[in-house]
Every structure is written in C-alpha cells, then in structure tokens.
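A short write-up of the structure that comes next.
The values are calculated or read from the model by the stated rules, or taken from the named source; none is laboratory data. All figures in this text were calculated on a predicted structure; none of them were measured in a lab. Here the Cβ is made from the backbone with ideal geometry for all residues, glycine too, and neighbour counts use every protein chain on show. Keep in mind that these areas ignore ligands, DNA and RNA; they rest on the heavy atoms of the full protein, side chains included. Shrake-Rupley method; radii C 1.70, N 1.55, O 1.52, S 1.80 Å.
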Amino acid sequence: QVQLVESGGGLVQPGGSLRLSCAASGMRFSISAMGWYRQAPGKQRELVAISTSGGSTNYADSVRGRFTISRDAVKNTLYLQMNSLKPDDTAVYYCKATLGWVDYWGQGTQVTVSP
C-alpha cells in the first residue's frame, strides 16, 4: 500500500525559509515521478515542482529560483526547499507520486507566510 506523509510546514515570516519532506512507503521510489502541489483557500490545486524518475526537474514560474525539489532514494523521501517565501506562497502543500497511470497523494501540510 502506497503511503505518502508530508511534514515540515508551519508559520514563517516573509523572506524566510522552510523545508518540506514527503516520506514514501509501499512503492519503488526510484521509478516514480514525484511532485509538490499546493492549494490556497478558494483556489484550485496547482503544480509547484516536479521530479521525474530520470532526474529532471521543473518548476512553476511563480517559484522558480526560490524553491528547489530534490529526492533521497536511500531515505525514500522527497524534499522541497523553499526560500524567500512570500505571503502568496501560503497554502496547503501536497506531495504526489505517479506510478504508471495511478496518482497517490499525501494528506498535505500547511504553510503560512505572514508577518
């Protein structure tokens, strides 16, 4: 059974940093495409960053240059390093793994950027 558990969210001031983690189990981490998504109140869920099994990455324009996605195959963990945070980054952040045609989601972790 695939399970994704996010952690690392919290309250941070504008300009601050946070590091999100997504611990994966029940799956072959190395062959999975994985990504971070976020959903702000009243808005649709949107892609933040993706990491393919081949090692390539891509980012939403709004976070490129500030966020970095990475994965640790030994720990079966996906990370999102978020720097220079802005109030517009406030959202629930979700981890997603894609295996074949099936998507698996974590429960989400809240990130709030506020003075």
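DSSP beta bridges confined to the chain are antiparallel in about 90 percent of cases. Put a dot 7 Å past the Cα of Asn83, heading toward its Cβ, do the same for Val2, and the two dots end up 3.1 nm apart. Spin-label model, Val74/Gln110: points 7 Å from Cα along the beta carbon direction are separated by 3.5 nm. Considering only Cα atoms, the convex hull volume of region 1-65 works out to 121 Å³ per residue.
Basic side chains Lys and Arg get +1 at the Cβ, acidic Asp and Glu get -1 at the Cβ, and with that the dipole of region 10-115 about its Cα centre reaches some 100 debye.
Here the accessible area is traced with a 1.4 Å probe on the protein chains. For region 1-101, carbon and sulfur cover 49 percent of it.
Between Leu47 and Arg66, full extension at 0.36 nm per residue minus the direct alpha carbon distance yields a gain of 5.4 nm.
Which order do the peptides 37-47, 91-101, 13-23 come out in when sorted by mean C-beta neighbours inside 10 angstrom, highest first? Don't skip to the end; give the middle numbers.
Details: 37-47: 12.9, 91-101: 17.7, 13-23: 16.1.
With the highest mean Cβ count within 10 Å placed first, the list reads 91-101, 13-23, 37-47.
Amide H to amide H, with H built 1.01 Å from N, Ala33 comes under 5 Å of Ser53, Thr98, counting only residues 5 or more places away or on other chains. Each Lys or Arg adds one and each Asp or Glu subtracts one; over the other residues with Cβ under 13 Å from the Cβ of Gly9, this totals 0. The residues of the chain expose on average 54 square angstrom of accessible surface per residue, using a 1.4 Å probe on protein heavy atoms.
Under the criterion of Cα pairs below 8 Å and six or more residues apart, the relative contact order for the chain equals 37 percent.
The eigenvalues of the Cα gyration tensor, multiplied by 5 and square-rooted, give region 58-106 an equivalent ellipsoid with semi-axes of 22, 14, 11 Å from largest to smallest.
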